[in-house]
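Asks: Please find one structure pasted underneath; my questions will follow.
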Amino acid sequence: FIMVLFILLFVLSHNQAKDETFFRQMRLKFGAKEIEQDKLLVSQELFVSKVQNFIKEKEIEDMAKLLVDEQKITLILSTPILFELGKAEIKPRALPVLAGLAEIFRSVENPVIIEGHTDNLPISADKFESNWDLSFYRAYSVLKFFIHNYDYSPEQLSAIGYGEYRPIVDNNTPDNRALNRRIAINIIRVSKAASLMSTP
């Protein structure tokens, strides 16, 4: 141990200027990461607060829920607020709500995954072959709204339809089926996004 310490002191004294530059760069590097992470945490807290306040202002608490976990921040919208039964076109009266949310969501650069979900009742609309199709085109409608009206980067957004296959409650009552008919807008949190990007 004494020999190792002696060698270390010798190297430090011999390369003092270089070592000081190295350690200063390392301090800045780690310090920058800490500051950046603090900013990210504050930004996410501010984002959540803005969404919660918007839900209250629009008085849509019964149709919009915000969930936060370690991997993502999820806004769940009941489909009646956005779509007519069996349709994938956004309601005209829903456009101001979606526009307000789009403005808030622009404050984050994280990946955004938009999910469509339905209940398990067979689809009766001729335009769609299955609930799977309907759920995807609803999610896709929201994605297109964000891109076409608010200049979101297509690289940031993705849409997916799960149909009836990921219910949050049993489809055994009309109320439960209404809960399962939903759009989920997911903001992927930084740590999760980093792991996804690093996956080959």
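Asks: Across the stretch 118-133, what is the total count of residues that are over 14 Å from residue 79 (Cβ atoms) and among the aliphatic types (A, V, I, L, M)?
Replies: 0
Asks: Another one. Filtering the stretch 100-120 down to residues that are surrounded by 14 or more Cβ atoms within 10 Å (Cβ to Cβ) and without any contact (Cβ under 8 Å) to a residue 60 or more places away in the chain, which residue is farthest from residue 43 (Cα to Cα)? Break it down stepwise before answering.
Replies: If we filter the stretch 100-120 for residues that are surrounded by 14 or more Cβ atoms within 10 Å (Cβ to Cβ), which is where we start, we get 100-102, 104-105, 108, 110-120.
Subset that is without any contact (Cβ under 8 Å) to a residue 60 or more places away in the chain: 100, 102, 104.
Working: 100: 18, 102: 16, 104: 12 Å.
Step by step, filter the stretch 100-120, then rank; the result is 100.
Asks: Another one. In the set 142, 108, which member is of a type in the set (A, V, I, L, M, F, W, C), within 18 Å of residue 82 (Cβ to Cβ) and out of contact with any Asp or Glu (no Cβ under 7 Å at 6 or more places or on another chain)?
Replies: 142
Asks: Output the residue which, of all residues in the stretch 126-166 that are charged (D, E, K, R) and open to solvent by 90 Å² or more (accessible area, probe 1.4 Å), is modelled with the lowest pLDDT.
Replies: 126
Asks: Looking at 153, 158, which is the one that is under 20 Å from residue 74 (Cα atoms), among the small types (Gly, Ala, Ser) and in contact with a strand residue (DSSP E or B) (Cβ under 6 Å, 6 or more places away or on another chain)?
Replies: Result of the check over 153, 158: 158.
Asks: In addition: Quick check on my filter: what residues within the stretch 72-85 are within 18 Å of the chain's Cα centre (by Cα) and open to solvent by 30 Å² or more (accessible area, probe 1.4 Å)?
Replies: The answer is 72, 76.
Rundown of residues vs (1) loosely packed, with under 15 Cβ neighbours inside 10 Å; (2) assigned to a loop (DSSP other than H, G, I, E, B); (3) out of contact with any Asp or Glu (no Cβ under 8 Å at 6 or more places or on another chain), yes/no style:
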{"position": "53", "(1), (2), (3)": "yes, no, yes"}
{"position": "61", "(1), (2), (3)": "yes, yes, yes"}
{"position": "65", "(1), (2), (3)": "no, no, yes"}
{"position": "70", "(1), (2), (3)": "yes, yes, yes"}
{"position": "87", "(1), (2), (3)": "no, yes, yes"}
{"position": "95", "(1), (2), (3)": "yes, no, yes"}
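Asks: Looking at residue 176 and the list (1) closer than 19 Å to residue 66 by Cα; (2) in contact with a strand residue (DSSP E or B) (Cβ under 8 Å, 6 or more places away or on another chain); (3) among the polar types (S, T, N, Q), which single condition is not satisfied?
Replies: (2)
Asks: On to the next question. Against the condition among the aliphatic types (A, V, I, L, M), surrounded by fewer than 14 Cβ atoms within 10 Å (Cβ to Cβ) and over 14 Å from the mean Cα position of the chain (by Cα), how does residue 46 come out, does it pass?
Replies: yes
The values are calculated or read from the model by the stated rules, or taken from the named source; none is laboratory data. Remember, predicted model here, so these are calculated numbers, not experimental data. Reconstructed Cβ throughout: ideal geometry from the backbone, glycine too, with neighbour counts over all protein chains shown. Just so you know, the surface numbers come from the protein's heavy atoms only, side chains and all, with ligands and any DNA or RNA stripped out. Shrake-Rupley method; radii C 1.70, N 1.55, O 1.52, S 1.80 Å.
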